[in-house]
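S.K.: Quick one: structure below, then a few questions.
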Amino acid sequence: HMSTTATASSSCGPPAPAVVSRPTTRRPLYLIQEMASASAAMAVTTLLFNPFDVVKVRLQTQNQLNSSQRLYHGFKHAAQTIIREEGIRGIWVPGLFASTLCDVVNGALRMGLYPSVKELLHRAGAGGVGERPGEISLRMKLLSGALTGAFG
């Protein structure tokens, strides 16, 4: 159930906006939406930042070579060399599927479950209340984050 409460407006200015509270009970659809949103966010993040991981891994693996055998001399040089020799696919594609799959699953579990776990613990009375009535305490938020973080 969604409840809407309109606040009283004074005669000295525009009316105050209506305050819409969150649903009082979570349904499975909310959980699916939260997990799907978290997964989509992680997929986009992985797609955007995979080139940095490719360069980082290349730099890390070359550290096993003698200094005379090293191909790259820093992050910028490594990125430029990879693009010049392998093209844009050489810096973007390696590891993209595995990273995306891993991050999508972890994102769904860690970020997607957080709101539901927080509400479940709050209803169970495990964490106390925040500074204002109805607010969830910092302790509850930290506990929820620790529990959902343990999944990944």
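S.K.: Taking Leu120 as the residue in question, decide whether it is under 22 Å from Tyr30 (Cβ atoms) and either open to solvent by 80 Å² or more (accessible area, probe 1.4 Å) or touching a His at 6+ places or on another chain (Cβ under 7 Å) (or both).
M.R.: Numbers: under 22 Å from Tyr30 (Cβ atoms): yes; either open to solvent by 80 Å² or more (accessible area, probe 1.4 Å) or touching a His at 6+ places or on another chain (Cβ under 7 Å) (or both): yes.
For Leu120, the condition - under 22 Å from Tyr30 (Cβ atoms) and either open to solvent by 80 Å² or more (accessible area, probe 1.4 Å) or touching a His at 6+ places or on another chain (Cβ under 7 Å) (or both) - is met.
S.K.: State whether one or more residues within segment 105-122 are among the small types (Gly, Ala, Ser) and modelled with pLDDT of 85 or more. First the steps, then the outcome.
M.R.: Quick first cut of segment 105-122, residues among the small types (Gly, Ala, Ser) only: 107-108, 112, 116.
Okay, now just the ones that are also modelled with pLDDT of 85 or more, so 107-108.
Scanning segment 105-122, I find at least one residue that is among the small types (Gly, Ala, Ser) and modelled with pLDDT of 85 or more, so the answer is yes.
S.K.: Which number in (1) modelled with pLDDT of 90 or more; (2) under 30 Å from Ala124 (Cα atoms); (3) in contact with a helix residue (DSSP H, G or I) (Cβ under 7 Å, 6 or more places away or on another chain) marks the one condition that Leu59 misses?
M.R.: Unmet for Leu59, out of (1) modelled with pLDDT of 90 or more; (2) under 30 Å from Ala124 (Cα atoms); (3) in contact with a helix residue (DSSP H, G or I) (Cβ under 7 Å, 6 or more places away or on another chain): (2).
S.K.: Across segment 57-113, which residue is most open to solvent (accessible area, probe 1.4 Å) among those that are without any contact (Cβ under 8 Å) to a residue 12 or more places away in the chain and closer than 16 Å to Val44 by Cβ?
M.R.: Only one residue tops the list, namely Phe97.
S.K.: Collect the residues in segment 33-56 that are exposed (fewer than 14 other Cβ atoms within 10 Å of the Cβ) and either under 21 Å from Gly87 (Cα atoms) or of a type in the set (Asp, Glu) (or both), keeping them in residue-number order.
M.R.: Scanning segment 33-56 gives Leu48, Phe49, Phe52, Lys56.
The values are calculated or read from the model by the stated rules, or taken from the named source; none is laboratory data. All figures in this text were calculated on a predicted structure; none of them were measured in a lab. Cβ sites come from the backbone with ideal geometry, for glycine too, and all protein chains shown count toward neighbours. Please note that ligands, DNA and RNA were not included when accessible areas were found on the heavy atoms of the full protein model with its side chains. Shrake-Rupley method; radii C 1.70, N 1.55, O 1.52, S 1.80 Å.
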